[in-house]
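For reference, the structure is listed below as structure tokens.
The numbers here are math on the coordinates, done by the rules we state, and not lab data. Bear in mind the structure is a predicted one, so any value in this text is a computation, not a measurement. Glycine also receives a Cβ, built like all others from the backbone with ideal geometry; neighbour counts cover every protein chain displayed.
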Amino acid sequence: MDPRNLVRGALANYRTSSRPGASSDPWQRDLYVHQQLNKALVLARRSYNPRQFFEFKRWLDRFLTIQAPHFRKLGTGLTSLGVLPKEIEAQGLETELRLAVEQLVTNKSRLEDFVSDAAKIYAAIRAQDFAGASDALTTVVEREGYSYWSIETELALTQFQAGVEPLKARIAELAVEAPAWNRFFFYMFGLRNEPAQASSRFKAIVRKRLDDSSMSESLKPYARFRLFGLLEFEETRLAQILSGEGMSTLIDLFFTVIRVTRFIIDHRNAFADVTSEAARLAYIEVSPFFDLIAANKHDVNLSEGYSFEASANSLLEIAKFSIEKALEGTTETRRSQLDELMIEGIASLLSTRSDGLKAEELIKAKLNLSWLPNFVVLGEVADVPPLPRLVAADDVDVDLPIFSINSALGKAVRGDHGGMLTQVFSALSALRRGDSTAVKDALAGQVPSHRFCPSVRDLFSVRLAQQQLEDGELDEFLGTCARAGIENDRLISLLPLGDLFQGAKWIRLKPLSNSLTLSICLNLYLRSVDDRKVRTYKRYAVEELAKTLDLLKITSIPTALVALGEQVRDVEYFGYNVCDIATLELLPGMGDSRRVLRARSKLLRELAKLHSSMELTYRLEADEIDEGLQVDDGLSVLEDSKVHVDEQVILNHVNLELEADFQRYKKLVESGVGVSESIEDLIESFKAPTAKTFRIPKNDADDLLAELVGSILQRFLFDPASGLDIIIGRRIRHGTIAGELRGALEGVELIGQRSKPGAAYDPSSFVAGSLHKLDVKRKKIAVAAFSRFSESIDQLVSLLRDEYFHVRSKTKSKGIFNVNVIPVMLALARSLAQTCNSIHEFSKECVQIFWYLLSVRLDAVRPPIETETKKTLQSIFAKLAEEIRALGLDDALSVRVQKASEELQHRASTIATWIRVPKSSTKSAFYPMTRVVGVAAAVVCGQRPGFRPNITSDVPSDYALDAHGFSLVADALYIAIDNVGEHSGKKVDNHIKIRIQPKPEDGLLSFEITSEVAPTARTAEKEARLSKIRGEIQKKRYAENARRDRNSGLSKLAAVVMQSEKTSPSLVFGFENDSLFSLRFDLVHINIRDGSHSTADNLATLRSLELTGES
């Protein structure tokens, strides 16, 4: 088919609106024409050589100008925007560049009008006049139509002026008329504008969505470029981007050509000479239009005011200011807010002391307003390296022109400097010449502190370490790295530790092991690289240090090191970080885990004696370990480690991935968004708690916090190498369950084997021998009985292994290991996050919360799993024993079966003991009863949208619950509050009163919850239903009802309360009158203590609160 005929046919159909079946909607006809035009372009690209295609494009432009001039707007209708073919047939990159330039130059006059308006919008944005920018943008859209440029700019301006909700509303409006892929694009444009959305996470989301989509591979480069500006070195993909943009709008094509050509010129060494030359020529053609925007001019012939030289000089100035800012210098020059954003953002990327928030702010702004001249000339800012790496780079060609911030930075660190920069780089130049005096003096504090601030010390440390390693000064190298890494953990990945440790043999490192710094540096290296061999070397280094000090006990090392004059800071790092539990348990003579934990506790107490600022932390952790050891009495170390997470590996990953997000969260809190009370204030507030106490507000900070907690939890549960599920798979599912059950039966030869899947089980040799006296018929019956027995055992193994012993997921819905991000968790995390200074501290706190919630979960599921397993085994063995008796088999066989049954009952108990978390990893916390009320109320409110009751409580202020009691009481209160709320008929401002009264003489806690009800809430139907529930509870038929998802609250509460005869009669509920609903019940507890038995946090402790099950 001739592409020209497609074009003629499309316009003919457009003009003939009365044809049979023709749509009367103009937007549908516009859409059809654009689809046909793009189809013609694809066909022409496929059919014509470059020269013929150029001729076709010229013909198309002339034809449309004459026949349908409204189709030659720089933009297009919203319904026609982004109507691309399923596949992009791109010419070579040079051809696509020439085609794009010709298309732009052909529309020179219209393009001049557009860039004049774009300059006004740019000027308004620079002046923070977002309303003025929006007005100017509206003018452009009315004249030229829509483009991706206009939509992205409009959404960014909407976010600046009005926030997220109006932004979402506008996207919804745009999506109504958008083709399918544009709905996806518009949604993503909005997502990347949201303040809570990190740029790195956004890019990951887009990549995954595109990878999982049905979009053709030829379109994906364009989609990645459009959504997050990705330009790649592969020429085919750049050509596809230009080809795709050629079928969108001239406005978008203009900005894309500018960005692509600058990218190629800036990375000319990565492209063929002919490609680089084509990009240079293309840039010369189109840059005058771009310069009009940057210089705010209105005539393309007057754009000299913003020449290439001016752009390069501006970049170089920004680079120098950014370096000075990164080194904590200050400048007096007044700049626009946009210039400040660039300088502070680049400085944040360069700095080794930055929290990354300014860098993220710059990257986000550049994503959302990528066309601004300031951002275009910057290039890819995410590629800006930390300053120590920039200074160390030796591949910078200072003779090449400056075309991005990266090339400007490369020249800036090698050019002339002024002020502080001259002093810094003079010292570095001397270091390269072999004179380290100035650098060492600065690090030793022998120069005035105002000259060399911490960022400069970081730079000096990295460069000095590199020089020392090159010179073979390994002792000095280790000392420099140890000091730098302890002082600033952001330096760890920049220090050249891998050059020494990666692939090294211990024989090379052993001579250095008499120094404290070797083990410290090995530990620092493991913070960024998970290397099993290096872990072993760290343990060797600790052993060798102990030998050097002639010490038999690791716990004596801190005191000995201090006596030898070692820095207290280094000794603390060694004791707290190097001598972690994973290292201690592998040291000679340590033995079992209890001994390791005792050693860790003693080591922490030795560190506390140094009386540093960490003294309280050491003592609290030692107390925690000691208490955990007491709880762990009677349990073996092996059983304790079956449910495990390699926390250090998990935290290393988490800390690298989420540091920037956490610091952004802290910044939001500092700005007043999502501020929470401290833990102490939170506890104090529970003296008069309300539902609001634990309600998590909806705001950017708390949304981001929820994402952080969710990300840490996902890694905790499902990390492919070190997460909970994979370790359970290795330590429990992989043969352990089968070994406990089937293995025991194989040992006494009672269980058979299948010759192939689906076949009957062959009897074991012992069973076969026991059956040899039977006749054929009875023998066949006996073989079938043992086959059924064997199959039943394997089915039980399969149930436990393949269903229960998993982390719960969509595919493993019966998994018993389950932690969810719930309001309770977020309430605790919210308070803890605001006391943490880094993701390292917060991620550790989160892991402890996960362990605690998992322990609550497993304590609840362990008994029923054990009971189910035992009952199943009892039934299996009872059936086999009955069949053996019926067949009159040998008594010896019956005795063996009976003994095996008893053994497997014991093993079922053993399997149940695996359903627990390592106690050394569980926080021993106590919860005031007032807090339990608040937590339960928050859970109800979080799960019942719009439910906002006014809750008051009358509870003992001097009692607290341990972890076990907390979970039980919180569950009961949650059910109770939810139920009274349901019966009240009110959602907002419903007055609920909770009264909890200890009855130590009876061993009970008594609960009374009353709620006001709406005038019409009490009905005959409700009374009848309540009466029916009372009857079912009295007849103990509540268990089945409790499994239902709806209308089962009272049955669920009955399932909790009715486990003890002491509390069974206490469950009373119903309407007291037309305005009041009440609910009363008791729970069993023991060992109530008052305030005279306070814990370290001055809370009385209800040491054991439980529901006593009587089966």
Pull up the cross-link candidates among the aspartates and glutamates for K1035, meaning alpha carbon to alpha carbon under 16 Å and not fewer than 8 places away within one chain.
E1061
Mind listing the long-range amide H neighbours of L549? Cut-off is under 5 Å, sequence gap 5 or more, other chains count too, H placed in the peptide plane at 1.01 Å from N.
none
With θ set to phi - 60° and the Karplus curve 6.51 cos²θ - 1.76 cosθ + 1.60, what are the ³J(HN,Hα) couplings of region 1066-1083 in order, to the nearest whole Hz, using x for Gly and Pro?
7, 7, 10, 8, x, 7, 6, 7, 6, 10, 9, 10, 10, 8, 10, 6, 10, 10
Testing the spin-label approximation: label points 7 Å from Cα along Cα→Cβ at E615 and N837. State their distance in nm.
1.8
Computed FRET value (nearest 0.05) for A860 with Q161, which takes r as the C-beta separation and R₀ as 60 Å
0.75
Amide H of L1076: which non-local residues (sequence gap of 5 or more, or other chain) have their own amide H closer than 5 Å, using H built in the peptide plane?
V1013
Per 0.36 nm of contour for each residue apart, how much would the distance between K779 and S875 grow if the chain were fully extended, relative to their Cα-Cα spacing?
32.3 nm
Between their Cα atoms, which of K168/K698; K779/K870; K698/K812 are more than 20 Å away from each other?
K779/K870; K698/K812
For region 638-923, what class follows from the C-alpha gyration tensor (a ≥ b ≥ c being the square roots of its eigenvalues): rounded when a/c is under 1.5, otherwise prolate if a/b is larger than b/c, else oblate?
prolate
Contour minus Cα-Cα span, D499 to Q997, at 0.36 nm per residue, comes to 172.7 nm
Post the alpha-carbon centroid distance, region 179-248 to region 880-914, in whole angstrom.
64
Qualifying lysines (Cα of each under 18 Å from Cα of K220; at least 8 residues distant if same chain)
K86, K203, K208
With θ set to phi - 60°, apply the Karplus curve 6.51 cos²θ - 1.76 cosθ + 1.60 along region 788-800 and write out the HN-Hα couplings as whole Hz, x wherever there is a Gly or Pro.
5, 4, 4, 5, 5, 4, 5, 5, 5, 4, 5, 4, 5
Which aspartates and glutamates, if any, have their Cα less than 15 Å from the Cα of K642, not counting same-chain residues under 8 positions apart?
D592, D632, D725, E740
With +1 on the Cβ of every Lys and Arg and -1 on the Cβ of every Asp and Glu, the dipole magnitude of region 311-412 about its Cα centre, in debye rounded to the nearest 20, is 220
Need one word for region 782-896: rounded, prolate or oblate. Basis is the Cα gyration tensor (sqrt eigenvalues a ≥ b ≥ c); a/c below 1.5 gives rounded, then a/b vs b/c decides.
prolate
Rounded, prolate or oblate: which fits region 244-296 when a ≥ b ≥ c are the square roots of the eigenvalues of the alpha-carbon gyration tensor, with rounded for a/c under 1.5 and prolate only if a/b beats b/c?
oblate
Would you please put 95-108, 165-178 in order of how densely packed they are, using the mean number of other Cβ atoms within 10 angstrom per residue and starting with the highest?
95-108, 165-178
List the trypsin sites (Lys or Arg not before Pro) within region 334-414 that fall in a DSSP loop (any state other than H, G, I, E or B) and whose Cβ has at most 10 other Cβ atoms within 10 Å.
R334
Go through K1036/K1062; K777/K879; K440/K844; K510/K553; K364/K844; K325/K440 and tell me which ones have a Cα-Cα distance over 26 Å in this structure.
K440/K844; K364/K844
